[in-house]
Each structure stands twice: as structure tokens, then as C-alpha cells.
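The values are calculated or read from the model by the stated rules, or taken from the named source; none is laboratory data. Quantities reported herein were computed from a predicted structural model and do not represent experimental measurements. Here Cβ is always computed from backbone atoms with ideal geometry, including for glycine, and neighbour counts include all displayed protein chains. Just the protein is used for accessible areas: all its heavy atoms, side chains included, with ligands, DNA and RNA removed. Shrake-Rupley method; radii C 1.70, N 1.55, O 1.52, S 1.80 Å.
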Amino acid sequence: MTAVTAGALLAEPDVAAFRTAMGRFPTGVTLLTQGSGDDTIVMTLNSLTSVSLDPMLILVSVKADGRMRPRISRAGSFAVNVLTEAQRDLAQEFCRPDRSEGRAAMLRLSAEEGVTGNAVLPDAETYVECVLDAEYAAGDHTLLIGRVVALSGGLSTPDPLLFHQGRFGRLPSAAKEESA
């Protein structure tokens, strides 16, 4: 069976077509952390979704066979740090397989230990600390549902880092919009 969409005829989309299609949806960029001090692990993540206000729940998606999922499962907690445009270099650094861990990661991030025992970035746009509420297998990923137990208020002038079509970007600054 085939489908016609905006002039394109697709039988069964392949991975490359799916990745391209999903890349057309702009997202924020975060660092997912588990542990602190010598036990810190960090990864760049753009799959963050607010799930519920009562109770406050978020969802992140991580590779099922990656380093992060078993650590979060064992520890039962994690933190999500929403990056600013000025933290673009951290997003690029912590998406590499050879990214730093432990105290080196804490120092690189200028991180502090949050209330859940996970690294948080005081200079992030905002951060959310969670206890693990549920895990769901989803293809080659695992969906982690976190119950929010702490969060930061964020910076006074938002400047979030964005990711769209394989590139980092930013929103126009509020100051520039007001003066226009």
C-alpha cells in the first residue's frame, strides 16, 4: 500500500526518510545526567516531553542498550538540564561516545549535586530532577517516565538552544524583538 503526502509517494519509509522527517520538528536540547561526583554520566538529549501536571511527570527516551538506561534503572533517578544557546559546545561534546564522565564531567559542566544526587547545571535554562516512575520498551529505545521532585526557576531572559534539521539554532532574543 502507498500513501501520497505533499506530492511525495512513499511505500514504506526507510530509516533515513524517517530521520529526515523527524528532523523537521524543532526541539530543545538538554543534558541528561545520572549521578554526581565520581559517578557522573551525561548525555545530550532532545527527546523531552511534559507528560502530566498532576502528578508532575516528564518523559525522556534513551537507547535501550546504551550506558544511561541501566544506570537510571538501578539508581531510580535522573536530572534533565535544558541548555542555553551559550551552552552549545556542551551539547556537541556530550553527544560523542568518548564524552567525559565522573569528576571531569562535573568540572566541565560547572555542575552541582542536586537534591536527587544527580548533576545539575545552575547556568542551564532550567533543570528538572526526577525519580523514576516507569520504564517502557519502545523499539530500540526505552521511554523513562520521571516524577518531578525538584526544578530550577531558570534564567530571567530565556535563550534556549534549539535543534532543527541536523543543526543547532536559537530563537530571536526577546531584547531584539522588543526594540524592533
For this session: Name every residue in the range 21-49 that is modelled with pLDDT of 70 or more and open to solvent by 90 Å² or more (accessible area, probe 1.4 Å), in order of residue number.
Result: Asp38, Asp39
Exercise. How many of the residues making up the range 88-121 are farther than 18 Å from Gly28 by Cβ, under 17 Å from the mean Cα position of the chain (by Cα) and loosely packed, with under 14 Cβ neighbours inside 10 Å?
Worked result: 2
For this session: List every residue pair whose Cβ atoms sit under 6 Å apart, with the two residues 6 or more apart in sequence or on different chains, where the first one lies in the range 80-107 and is basic (Lys, Arg) and the second, anywhere, is loosely packed, with under 15 Cβ neighbours inside 10 Å and modelled with pLDDT of 95 or more.
Result: Arg103/Asp38
Exercise. Restricting to the range 53-74, what's the tally of residues that are open to solvent by 30 Å² or more (accessible area, probe 1.4 Å), part of a helix (DSSP H, G or I) and either among the acidic types (Asp, Glu) or in contact with an Asp or Glu (Cβ under 9 Å, 6 or more places away or on another chain) (or both)?
Worked result: 3
Exercise. Within the bounds of the range 150-165, is there any residue that is of a type in the set (Val, Ile, Thr) and open to solvent by less than 60 Å² (accessible area, probe 1.4 Å)?
Worked result: no
For this session: Could you give me the residue pairs with C-beta distances under 8 Å whose first residue belongs to the range 45-69 and is under 24 Å from Thr84 (Cα atoms), whose second residue is of a type in the set (A, V, I, L, M) and part of a loop (DSSP other than H, G, I, E, B) wherever it lies, and which are 6+ apart or on separate chains?
Result: Leu45/Val29; Asn46/Val29
Exercise. From the list Gly76, Gly117, Gly66, which residue is of a type in the set (Gly, Ala, Ser) and within 24 Å of Arg167 (Cβ to Cβ)?
Worked result: Gly66
